[in-house]
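Novice: This is the structure I want to talk about, given as structure tokens.
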Amino acid sequence: MLIYKIMTADAWSEFQANDRFTGAPIDLTDGYIHFSTAEQAQETAAKHFAGQTDLWLIWGDAPEDAALKWEVSRGGAEFPHLYRDWLLSEVSGGAALPWNGTAHLFPVGMQ
């Protein structure tokens, strides 16, 4: 199963340069990296990133180690939370997430 992370272009560049992502400020505060499933990603964008430009959607297979936990969050749904750094070797793709003035435009197949 793929998991998705929305991040700024600067965070994505830093991730690529360092081969690891330690988390966005909210992740660091909460102690884990917040992810979404494909079904949850658009609502996550609307709730937490509305109006933001210069975003990227990054994805990879859900790690199969104990550091990934599925925990109840928004609306009682289980979200993937990673309790360690996300490694660049675990990323399988990424796409710009442009803002059209109303919503973010997700890659084809996620809409």
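Novice: Could you tell me which residue of the stretch 78-109 is farthest from GLN52 (Cα to Cα), considering only residues that are of a type in the set (Gly, Ala, Ser) and under 16 Å from the mean Cα position of the chain (by Cα)?
Specialist: SER89
Novice: Also: Looking at the stretch 63-111, which of its residues are within 17 Å of GLU43 (Cβ to Cβ) and among the aliphatic types (A, V, I, L, M)?
Specialist: Passing the criteria: VAL72, ALA77, LEU97, ALA103, LEU105, MET110.
Novice: Follow-up. Looking at the stretch 3-19, which of the residues that are surrounded by 15 or more Cβ atoms within 10 Å (Cβ to Cβ) and of a type in the set (A, V, I, L, M, F, W, C) is farthest from ASP61 (Cα to Cα)?
Specialist: ALA11
Novice: Looking at the stretch 70-92, which of its residues are modelled with pLDDT under 95 and of a type in the set (Gly, Ala, Ser)?
Specialist: SER73, GLY75, GLY76, ALA77 - these are the residues of the stretch 70-92 that are modelled with pLDDT under 95 and of a type in the set (Gly, Ala, Ser).
Novice: Got a sec? Which of THR22, THR29, THR53 is under 14 Å from the mean Cα position of the chain (by Cα) and polar (S, T, N, Q)?
Specialist: THR22
Novice: Looking at the stretch 23-49 only, could you name the residues that are hydroxyl-bearing (Ser, Thr, Tyr) and touching a strand residue (DSSP E or B) at 6+ places or on another chain (Cβ under 8 Å)?
Specialist: TYR32, SER36, THR37, THR44
The values are calculated or read from the model by the stated rules, or taken from the named source; none is laboratory data. Owing to the predicted nature of the structure, the values given are computational and were not obtained by experimental measurement. All Cβ positions, even for glycine, are placed from backbone atoms using ideal geometry, and neighbour counts span all protein chains on display.
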